[in-house]
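Data first, discussion second: the structure below is written as structure tokens.
The values are calculated or read from the model by the stated rules, or taken from the named source; none is laboratory data. If you're wondering where the values come from, they're calculated on a predicted model, not measured in any experiment. Glycine gets a Cβ as well: all are built from the backbone with ideal geometry, and neighbour counts include every protein chain shown.
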Amino acid sequence: MNKHITSELYLVIFWENSNVDLDTAKKIISESHMELTLTSGVINKKDQLIFLKQLYYESITNFEKKLQRVGCNNIYVGIIEDKQPKYEICHTTRGFQKINANVLNLKKKLRSLSKVSDGVHISDSKRESKHNLYLCFSKKYEELLNENKPIIFNPKKFNSFKDILSLMNESIDYVVQRNFHEIDDRKSAVHGDIDFLVKHSESTARLINAKPATNDSTRKLYEIEINQTKYLLDLRDVSENYYDPIWALNILQNKSLSSKKDYFIPSIEDHIYMLAYHALLHKFELKNDYLKQLQDLTKKNTDRPLNTWEEIIFSLQRFLQKRGYRITIPEDKTVKINPFAYRSLDITSNEKISRNTILPEHHARNFSKTIAKDGLVIHEKEGSIHRSLIIAGKKPPYDQLVIKLVQAKDNYFSSYLYNEHYYLSLLGNKYAPTVYCNFISQGWYTLVMERIDGRPLSYLLEKKLVDSRLFQIIKIQLNDALSALKEKYINHRDLRLENIFLTRDKKIKIIDFGLAASIHDKEAQLPKNIKNSGNDEKDMEKIINLLEQSII
């Protein structure tokens, strides 16, 4: 049957050692105005540890202890349908998240019935549900949402390499880096391994049950065996400096499905420059097969084909400088930087500094402590119910990031920082700074994000720096940025000169999304002290008029 238009599905597992009375559980679920479809399941002893690793690939590491505690021989697995999800900002182990409060409350009630504290598992987001449901039933979320069939516990098995890709598609952010045409037949492939870019290599390896293929701790090479065929996988982590970490995150954000829609690949632009970067920087000699690939790629997809290594070097240099990406030294000691190509890419020494730190998303607390200790306070405010700080890093690589910290007596400011994180992530980094993570530590709500190298438009007006040419550059981008907000259904609600920056390379960046709301959220109220109209179109028109009036 077709579910209610607002319906959402969640996986529930009653582990063997929970000893939950199912009739009581069903009653609680029904009283919570949700529907449960339940089935029994058996997991073979040899597969139990693998199943737990795949289910909890992101969140835990001591799977043996988890297995002993909850038990996996005989379990009950079900799908909960919530027809009226109610989203609220809640503190979770992954930081502040906007999650379905109905499910969070249900989880607490069901776990209170269990003899072990974590004897009941319930997915708490659509992203987690997509992964959980596919793993347990070998069906996509959308299929289960729209069908009326009895459910059968059928844990996902790998019978082909495409099965691995299907599970990854439902679970993580990744791209296949290159050589897409060789995915289907690795036995006869020229390149021996498949190159992935992923957010976290170790959790990805757990998800697909891959084993390390080398004893070198810096080498993220894994092996997986399917039907007696072994596959080598290079799981490049965004934090290992194979590429500039900020570029790596953007690659994942800009990904798209392959032509057959069975795995994710980089955008055309990223693909071209990833291949050029790899061929020039990661190889000790310039190889003709890479030149041929780049010639074909640029001829087919751009209006400026690159035909020689000189043209490729020049184009890559412009791309890196325009985006603010750096050449980085990989942690993997088997990857050697080509010193000749390195020198040929005429980038300033400051831009060549290696980002040897792990990205904040991976080790956010340690990272923010470093900035908080050695950084420069660029904003400080203390009110009756909150304290806030913005601290910028001073030394590379921290100099490109800032942390926002708020200590509050109520949840308003946690909501504010959640909004900032959520809507910045949704909009992307073309017209806003890149945002990495949010979390809470010792009472401080913390947000880690990119530092903008530029000035607010209010500064340009105050110093009378806007001429007619600059005005046109800014105006075009402001209108484009407004369109981008509309496309994502975002109402910023606090657009003003102080919240729009112009970078050194004349790019517009909008900041301060703490008051943002969905265009469809008719109940969202602005605080009384906000003087803006809350209408992005009117506020942007006012900004453009002020800029035009200030032309020197």
Residue count, the range 138-177, condition in a helix (DSSP H, G or I), in contact (Cβ under 8 Å) with a residue 24 or more places away in the chain and either buried (at least 20 other Cβ atoms within 10 Å of the Cβ) or over 16 Å from the mean Cα position of the chain (by Cα) (or both), comes to 11
How many of the residues in the range 504-513 are surrounded by fewer than 21 Cβ atoms within 10 Å (Cβ to Cβ) and under 24 Å from the mean Cα position of the chain (by Cα)?
3
Give me the residue from the range 464-494 that is within 21 Å of the chain's Cα centre (by Cα) and among the aliphatic types (A, V, I, L, M) and, out of that set, surrounded by the most Cβ atoms within 10 Å (Cβ to Cβ).
LEU485
Residues of the range 252-270 being outside any loop (DSSP other than H, G, I, E, B) and either small (Gly, Ala, Ser) or surrounded by fewer than 22 Cβ atoms within 10 Å (Cβ to Cβ) (or both), in sequence order, are LEU252, GLN253, SER256, LEU257, PHE264, ILE265, ILE268, GLU269
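Yes or no, residue by residue, for (1) farther than 28 Å from GLY428 by Cα; (2) in contact with a helix residue (DSSP H, G or I) (Cβ under 8 Å, 6 or more places away or on another chain); (3) of a type in the set (A, V, I, L, M, F, W, C):
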residue: ASP193; (1), (2), (3): yes, no, no
residue: ALA205; (1), (2), (3): no, no, yes
residue: THR218; (1), (2), (3): yes, no, no
residue: ASN254; (1), (2), (3): no, yes, no
Tabulated pairs, the range 88-103, first at pLDDT 80 or above, second among the β-branched types (Val, Ile, Thr), C-beta under 7 angstrom, 6+ apart or interchain:
ILE99/THR92; VAL103/ILE122
Being among the polar types (S, T, N, Q) and farther than 17 Å from LYS162 by Cα is the filter here; which residues of the range 200-246 pass it?
SER201, SER203, THR214, ASN215, SER217, THR218, SER239, ASN241
Only one of TYR231, TYR273, TYR242 is of a type in the set (Ser, Thr, Tyr), in a strand (DSSP E or B) and either outside the structural domain of PRO433 (by TED's automatic domain parsing) or farther than 26 Å from TYR325 by Cα (or both); which?
TYR231
Condition met for ASN209 (part of a loop (DSSP other than H, G, I, E, B) and either at positive phi or at pLDDT 95 or above (or both))
yes
Against the condition over 29 Å from GLN321 (Cα atoms) and modelled with pLDDT under 95, how does ALA517 come out, does it pass?
yes
Can you spot a residue in the range 115-135 that is more than 27 Å from ILE208 (Cβ to Cβ), out of contact with any Phe, Trp or Tyr (no Cβ under 8 Å at 6 or more places or on another chain) and either of a type in the set (D, E, K, R) or not assigned by TED's automatic domain parsing to the domain that holds ASN227 (or both)?
yes
Six or more apart or on different chains, Cβ under 6 Å: which pairs go from a residue in the range 218-236 that's without any contact (Cβ under 8 Å) to a residue 12 or more places away in the chain to one that's among the basic types (Lys, Arg)? Could you list them?
none
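Matching residues to (1) out of contact with any helix residue (DSSP H, G or I) (no Cβ under 6 Å at 6 or more places or on another chain); (2) surrounded by fewer than 17 Cβ atoms within 10 Å (Cβ to Cβ); (3) under 30 Å from HIS200 (Cα atoms); (4) among the aliphatic types (A, V, I, L, M):
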{"residue": "HIS33", "(1), (2), (3), (4)": "yes, yes, no, no"}
{"residue": "THR37", "(1), (2), (3), (4)": "yes, yes, no, no"}
{"residue": "PHE51", "(1), (2), (3), (4)": "yes, no, yes, no"}
{"residue": "ILE80", "(1), (2), (3), (4)": "yes, no, yes, yes"}
{"residue": "LYS107", "(1), (2), (3), (4)": "yes, no, yes, no"}
Considering only the range 451-463, I want to know if a residue exists there that is more than 20 Å from the chain's Cα centre (by Cα), more than 25 Å from ASP173 (Cα to Cα) and of a type in the set (Gly, Ala, Ser).
yes
Could you figure out which of (1) among the hydroxyl-bearing types (Ser, Thr, Tyr); (2) part of a helix (DSSP H, G or I); (3) at pLDDT below 90 isn't true of THR204?
(3)
Where residues in the range 493-506 are in contact with a strand residue (DSSP E or B) (Cβ under 8 Å, 6 or more places away or on another chain) and of a type outside the set (S, T, N, Q), which of them is farthest from LEU465 (Cα to Cα)?
ARG493
